[in-house]
Structure formats: structure tokens, C-alpha cells
Amino acid sequence: MENKYYSVEEISRILDLHPKTVRRFIREGKIKAKKIGRAWKIHQDDFKEYAHGELDQPKQDKINYSPPGAKGRIHVSAVVEIHEKESEEASRISNSLIAMLNSKDPSWGNARYDLIYHPEEGKARFVLYGTPAFIAAIMKFFDIIRQQDGEEI
């Protein structure tokens, strides 16, 4: 197994974040890093855990339903489709969603999303799963994007 390490600058380019933001995430413990010499280095496994931690978890064979009246009983899924000729905007949106999930509200529970990009169709599909609070917050986020694009309802 190769031990690949990323610099703060490489991580900031990949996530489309400012290097100071990446360093803040390191200080806050959101991104695990080691100080090698005078520079912070992030191991590829730690970066993978930060960027796509929800994808690293083993899938359960059974869905655990809470008994009636228990918190976390309702989960919602949604699919948001965006027509994007270039994958860069879909990547920026995906990075924003990752940042939102990493600083998520506890009421979101075990929220997650998957991105499916179809370059031949020029479409990005965001498949969302979580509590109603999570879906509502993400729908507000997509509504802001829609408003910035000048789309009508």
C-alpha cells in the first residue's frame, strides 16, 4: 500500500477551498494531518475519510427502522438534477455539500448524498438521503443556486 500524502495547497485545489480554510479544518480536527517539518501533510486515507467518509462505511444489509415515537424515525430521499455542460460547476456544488455535511446540524442525523455526473447528457444528479431537516436545508441551498442563475419558478 502506497503512503501518499497531500499538502495543504493540493487539498485546497482539490476541494476548491482557500488554503487558510484547509488549515482551519486541520486545527479544528475536521481533517486529520501530520506536521512534517514546517508543513502540514494529509495522508490519502485521512483525506478520503474527510471528503467521502459516508462512502467508506460498510453498507448494512437491513435498514434499521426505529420503533414508533422514536427520534430519527423519518428519513427522506430526493434527487436534484442540474443541467451542466461542464463538470466544474457540479464539482463546486459537490464541494459545498461536503462542507455542509462536515459542519452539519445534529438534527440532520446520518445524512448523505451521492453525485452522479453524466457527461454525455450534461447532467449532474445529486441523490440526497437524510432527515426532513437535512432535505429542507439542502433544498434551500439549491433554491439559492436557482435564484442566482435567474431561473423562474
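Bear in mind that the values in this text are calculations on the coordinates, not laboratory data. Just so you know, these numbers come straight off a predicted model, no measurement behind them. As a convention, Cβ positions derive from the backbone with ideal geometry for all residues, glycine included, and neighbour counts pool all protein chains shown.
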Seminar exercise, completed: Given backbone amide H placed at 1.01 Å from N, residues whose amide H is under 5 Å from that of HIS43, ignoring those fewer than 5 places away on the same chain, are TYR6, LYS34
For this session: Give the long-range amide H neighbours of VAL76: residues separated by 5 or more places, or on another chain, with amide H under 5 Å away, using H modelled in the peptide plane at 1.01 Å from N.
Result: GLY130, THR131
For this session: For a footprinting-style exposure proxy, rank VAL22, VAL79, VAL8 by other Cβ within 10 Å, fewest first.
Result: VAL79, VAL8, VAL22
Seminar exercise, completed: Listed with the fewest Cβ neighbours within 10 Å leading, LYS140, LYS123 appear as LYS140, LYS123
Problem set entry | For region 85-91, Karplus couplings with θ = phi - 60° (6.51, -1.76, 1.60), whole Hz, Gly/Pro x | 6, 10, 7, 4, 5, 4, 5
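Between LEU115 and ARG38, what FRET efficiency follows from the Cβ-Cβ distance if R0 is 30 Å, with the result rounded to 0.05?
Details: r = 35 Å, r/R0 = 1.18.
The pair LEU115/ARG38 has a calculated efficiency of 0.25.
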Seminar exercise, completed: Rounded to a whole number, the Stokes-Einstein D of region 76-148 in µm²/s (Kirkwood radius over Cα pairs; 37 °C; 0.692 mPa s) is 263 µm²/s
Problem set entry | If the convex hull is drawn through the Cα atoms of region 1-45, its volume per residue in Å³ | 73 Å³
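Are any of the pairs LYS41/LYS104; LYS4/LYS123; LYS48/LYS140; LYS20/LYS85; LYS35/LYS104 more than 29 Å apart by Cα-Cα distance, and if so, which?
From LYS41/LYS104; LYS4/LYS123; LYS48/LYS140; LYS20/LYS85; LYS35/LYS104, over 29 Å: LYS4/LYS123; LYS20/LYS85.
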